[in-house]
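The values are calculated or read from the model by the stated rules, or taken from the named source; none is laboratory data. Since the structure is predicted, the reported quantities are computational estimates derived from the model, not experimental observations. Glycine also receives a Cβ, built like all others from the backbone with ideal geometry; neighbour counts cover every protein chain displayed. Each accessible area value is taken on the protein alone, full model and side chains, heavy atoms only, with ligands, DNA and RNA left out. Shrake-Rupley method; radii C 1.70, N 1.55, O 1.52, S 1.80 Å.
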Amino acid sequence: MRKIKFDTCIVGTGKAGIDFSAKLAQKYNLPTEQKSVQLGVRFEAPQKYFQKLIDVSYDFKLYQKFDNVSLRSFCTNNNAAYVAVENTYGDISYNGHAKKGEEYRNDMTNFGILMEIKGIENPFEWCREVVKKCQMQELNPKRVYQYKTGGYYSPSRGPSRTSEDNVVDSMFTTLDKFKEAFGEYADYILNFIDQMNEVFEFGDDWGMYIPEVKYLSPEPLVNYDDLSLTEYPYVHFVGDALSARGITVSGAQGIYVAEALLS
C-alpha cells in the first residue's frame, strides 16, 4: 500500500462511496450523528398533467409534513424523462434523468416521492431491510422467494422503457407487496399521490417504480465554517460523504470548502 502525505484532504466519495466514508468514521472513531431515513418511490405520469407547473418551474418541489414523517418531490425530469435503474449494495432501486435531444422526447414526467422518516433506530440498516423486501419475488404458492429486482405498480399503465432501454420486468399487480415492504409508511406515499391527484387530475394514468432510496450513513460531525472534521481539522467531508441530498448541494459544499481553503 502506497502512502501519500498531504496538508489538506477533501473526501468527496460520491454515492457509491457512502460506505467508505462510514468505514473511515468507524476506523478513526469519529463522532457522528444518525441521519433520518430517505425512502420512497419514483413516480411517473404523462407530462401534460403537470405542464402548467413545469412552465413555472422545471424542477418543481411539492411538500407534505407530519410529526415524524415529511415527504417531498425530488429530482423532477420532463420532456425526455426516463427512469434509471440503480444497483447499490446489490439491491435494485430507481432514480430518473432527462435525456438531451428531441429524438428522445417521450412527453413524460418523473420524480421521486421521498419520505424523511425520523425516530428510526439504526436507520441505515432499517432502510436496507425495507429495500430488500422490495426485491423478493414469490415463485410458487408455498411462498418460496428469490431475490430479483425492485418493481413497478400502476392502476392502468405499463412501465416505460428505462434509460438503459430496458423494461422493468417485475410488475406489482396489487399494492400488497408495496404495503408489506413499506409497512405503515406506504400510506404516506399513497396519500401524497392522492393529494397530487386532486390538483393535477391524472386519474389512474400514473405509475411508480419501487423503491427509490437515498442511503445516508451516520454523518461525521464537522466544523461548519469549512466542513472540516471536528477531530481532524485538515480533513474535509463534502457531498455524499456528508449526507448531501442531491448534486446541487454536493457541488455547493465543494465550492464552499474550496473558498474556505483559498481564503
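Restricting the search to the range 44-80, which residues are acidic (Asp, Glu), within 23 Å of Met115 (Cα to Cα) and not in a strand (DSSP E or B)? Correct list: Asp59, Asp67. Does Gln253 meet the test of being among the polar types (S, T, N, Q), open to solvent by 40 Å² or more (accessible area, probe 1.4 Å) and not in a loop (DSSP other than H, G, I, E, B)? Considered against the rule, which asks whether it is among the polar types (S, T, N, Q), open to solvent by 40 Å² or more (accessible area, probe 1.4 Å) and not in a loop (DSSP other than H, G, I, E, B), Gln253 comes out as no. Picking from residues in the range 69-90 that are touching a strand residue (DSSP E or B) at 6+ places or on another chain (Cβ under 9 Å) and open to solvent by 50 Å² or more (accessible area, probe 1.4 Å), the one that is nearest to Asn110 (Cα to Cα) is Asn79. Selection of the range 1-14 for residues being surrounded by fewer than 18 Cβ atoms within 10 Å (Cβ to Cβ), outside any strand (DSSP E or B) and not hydroxyl-bearing (Ser, Thr, Tyr) yields Met1, Arg2, Lys3, Ile4, Lys5, Phe6, Asp7, Gly14. Residues that are under 20 Å from the mean Cα position of the chain (by Cα), open to solvent by 70 Å² or more (accessible area, probe 1.4 Å), at pLDDT below 90 and not charged (D, E, K, R) are absent from the range 54-68 altogether.
Of the residues that sit in the range 191-248 and are closer than 17 Å to Thr32 by Cα and part of a helix (DSSP H, G or I), which one is most open to solvent (accessible area, probe 1.4 Å)? Here the answer is Asp240.
Under the condition of being hydrophobic (A, V, I, L, M, F, W, C), out of contact with any Ser or Thr (no Cβ under 7 Å at 6 or more places or on another chain) and either open to solvent by less than 10 Å² (accessible area, probe 1.4 Å) or at pLDDT below 95 (or both), the residues counted in the range 15-53 number 7. Considering only residues in the range 162-182 that are part of a helix (DSSP H, G or I) and touching a residue at least 24 places away in the same chain (Cβ under 8 Å), the one that is surrounded by the fewest Cβ atoms within 10 Å (Cβ to Cβ) turns out to be Glu180. Out of everything in the range 192-221 that is of a type outside the set (Phe, Trp, Tyr) and at pLDDT below 90, what residue ends up being nearest to the chain's Cα centre (by Cα)? Here the residue is Lys214.
Among the residues of the range 81-124, the ones that are under 24 Å from Arg157 (Cβ atoms), touching a residue at least 40 places away in the same chain (Cβ under 8 Å) and part of a loop (DSSP other than H, G, I, E, B) come to 3 in all.
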